[in-house]
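Every read-out reported here was derived from the displayed coordinates using simple, explicitly stated rules and does not represent laboratory data. Predicted model only: the values in this text are computed from it and were never measured. Every residue, glycine as well, gets a Cβ built from its backbone with ideal geometry; the counts of neighbours run over all protein chains shown.
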Ligand SMILES: Cc1ncc(COP(=O)(O)O)c(C=O)c1O
């Protein structure tokens with residue numbers, strides 16, 4: 001959790017008062033601090049690159065706003081993309097095709113052809129995908145996503161590396177996959193795993209690296225194949241709760257890189273952090289529009305619901321909440337912070353001790369940069385909200401609020417229904 005400055009009871013984000021941002025852009029609004037994005041990227045790149053050549057493939061599923069992509073392009077990041085839409089966004093943000101690695105699951109032939117047309121390197125998820133790719137192209141540089149049978153994560157829905165999940169080539173078929181790729185005239189250059197998301201400790205990454213190293217050794221000894229890169233995926237967690245500990249990046253980098261350097265001849269380590277880079281750079285500002293006292297509890301009704309930030313409703317995730325215009329004041333009343341969506345599961349936070357609220361107060365929901373706007377929806381016909389970038393006291397709009405017309409634009413009424 002990032003610390004925010006306070007002036008006269010007001011929270012500052014990137015040097016701008018939250019209440020001024022709410023006034024100028026309306027709420028709900030996502031606000032991202034540009035310096036924080038750069039700082040996070042440099043921290044993770046620095047920890048690994050001090051030990052061995054490193055490539056960071058920012059997992060843009062976490063946040064694919066074009067301005068955020070531009071910042072990371074300037075920093076020298078590369079990209080992990082999982083759909084042709086993400087690839088297109090990154091190309092438009094200025095990433096060259098060789099800086100994008102595509103890791104899709106259950107990929108159609110149509111999407112494979114689009115990737116080949118754009119010269120994107122594909123990280124293959126299944127033997128079927130390999131055969132289908134061979135019908136479209138040959139000679140391409142490829143890598144494989146392996147299921148390492150090591151899974152971890154903050155919720156069962158985000159554990160991707162366990163044996164029972166749909167992801168990757170099974171461990172016991174991975175040698176067949178490389179052999180077949182060579183037969184089909186592909187150039188296999190990498191090996192990848194992704195164990196899950198929100199992992200706060202080093203151990204599962206170390207375990208997954210052991211599996212990667214043993215497969216890389218088998219590839220060298222049996223097929224004479226020397227990999228260019230070993231990719232340990234993303235999934236590095238952040239401290240969402242005030243008393244959570246941050247990941248020990250130095251220890252993580254040491255455990256991972258020492259294993260790769262000592263056990264393989266791979267020249268590069270690749271990581272795919274999404275959350276680590278973007279989550280704590282962004283707060284969601286939302287206005288208290290309604291207060292309700294019931295026999296059981298106090299509800300603070302706000303203008304952002306699970307349409308805007310789905311993580312609490314979907315995963316039961318914790319996001320810290322502060323009152324941006326009563327910042328630092330002591331808590332007096334315990335509230336559930338709930339949104340405008342017509343479902344009882346529509347909450348942003350439960351049981352939070354906050355200063356006594358009034359309608360019109362401004363709440364700041366922390367750590368909303370990853371899987372916030374990208375997982376938002378228009379459920380209940382609510383347009384997606386604005387996004388703003390702040391930097392050292394000034395702000396820019398980086399995504400316009402949708403309109404009702406935007407929501408209706410794609411609907412069609414057959415003429416027979418107009419009679
Ligand atoms: C293949 C892959 N790489 C990287 C990530 C990024 O994960 P995180 O944002 O937790 O770092 C994901 C997330 O789902 C993923 O599926």
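Can you sort 137, 32, 27 from fewest to most other Cβ atoms within 10 Å of each residue's own Cβ?
Ranked by crowding around the Cβ, least crowded first: 137, 27, 32.
Label points 7 Å out from Cα along the Cβ direction at residue 7 and residue 417: separation in nm?
For the pair residue 7/residue 417, the computed spacing is 5.3 nm.
Express the relative contact order of the chain as a whole percentage, based on alpha carbon pairs under 8 Å and six or more residues apart in sequence.
Relative contact order, the chain: 20 percent.
Quick one: the Cα spread of the chain along its three principal axes, in angstroms, biggest first?
Reported extents, whole Å, longest axis first: 69, 65, 41.
If you rank 52, 418 by fewest surrounding Cβ atoms within 10 Å, what's the result? Mind showing how you got there, number by number?
On the way: 52 16, 418 6.
Listed from fewest to most nearby Cβ atoms, that is 418, 52.
Under 10 Å, Cα contacts only: if you run a Gaussian network model on the chain, which one of 220, 135, 203 comes out with the highest mean-square fluctuation?
Its mean-square fluctuation being the largest, the pick is 135.
How high is the relative contact order of region 64-273, given as a whole-number percent (alpha carbon pairs under 8 Å, six or more residues apart)? Intermediate results must be reported in sequence, preceding the final value.
Values: 382 pairs, mean separation 32.0, N = 210.
So the answer I get is 15 percent.
Arranged from highest to lowest average of other beta-carbon atoms within 10 Å per residue, in what order do the peptides 138-150, 361-373, 172-184 appear?
Most protected by this proxy first, the peptides run 361-373, 138-150, 172-184.
Classify region 272-334 as rounded, prolate or oblate, taking a ≥ b ≥ c as the square roots of the eigenvalues of its Cα gyration tensor: rounded when a/c is under 1.5, otherwise prolate if a/b is larger than b/c and oblate if not. Numbers along the way, then the final one.
Details: a/c = 2.18, a/b = 1.58, b/c = 1.38.
The shape class here is prolate.
Which ordering of 221, 265 is given by a fewest-first count of other beta-carbon atoms within 10 Å?
On the way: 221 9, 265 12.
Fewest to most other Cβ atoms nearby, the residues stand as 221, 265.
With just the Cα atoms defining each centre, how far is region 61-124 from region 192-247? Give it in Å.
21 Å
Over the Cα atoms of region 64-273, what is the Rg over Rh ratio if Rh follows Kirkwood?
Details: Rg = 16.8 Å, Rh = 17.6 Å.
Here Rg/Rh amounts to 0.96.
What angle do you read, to the nearest 10 degrees and between 0 and 90, between the alpha-carbon axis of helix 203-223 and the longest principal axis of the chain?
That works out to roughly 20 degrees.
Just the number, please: percent antiparallel of the DSSP beta bridges in the chain, rounded to the nearest 5. It would help to have the intermediate numbers written out before the result.
Details: 31 of 68 bridges.
In the chain, DSSP labels about 45 percent of beta bridges as antiparallel.
Would you mind telling me the antiparallel percentage of the DSSP bridges in region 213-351, rounded to 5?
Counting DSSP beta bridges with both partners in region 213-351, the antiparallel share is about 50 percent.
Over every pair of different alpha-carbon atoms in region 321-419, take the mean of 1/r and invert it; report that Kirkwood radius in Å. Intermediate results must be reported in sequence, preceding the final value.
Numbers: mean 1/r = 0.0596 Å⁻¹.
Result for region 321-419 stands at 16.8 Å.
Can you give me the distance in nm between label points at residue 223 and residue 299, each placed 7 Å from the Cα along the Cα-to-Cβ direction?
Between residue 223 and residue 299, the simple spin-label model gives 5.7 nm.
Please work out the Cα center distance from region 299-334 to region 1-57, rounded to the nearest Å.
19 Å
By how many nm would the segment from residue 109 to residue 396 grow when fully extended, if each residue of separation counts as 0.36 nm and the alpha-carbon distance is taken off?
Result: 99.4 nm gained on full extension.
Suppose only helical runs count, i.e. DSSP H with n ≥ 4. What mean residue ellipticity at 222 nm does that imply for the chain under -39500 (n - 2.57) per run, divided by all residues and rounded to the nearest 500 deg cm²/dmol? Each step should come with its number before you reach the end.
Working: 12 runs with 120 residues, N = 419.
Dividing the helical sum by the residues of the chain leaves -8500 deg cm²/dmol.
Measure nothing fancy, just the Cα-based angle from helix 249-263's long axis to the longest principal axis of the chain, in degrees from 0 to 90, nearest 10.
With rounding to tens, the tilt is 10 degrees.
To the nearest 10 degrees, how steeply does helix 174-183 sit against the main Cα axis of the chain, on a 0 to 90 scale?
60 degrees
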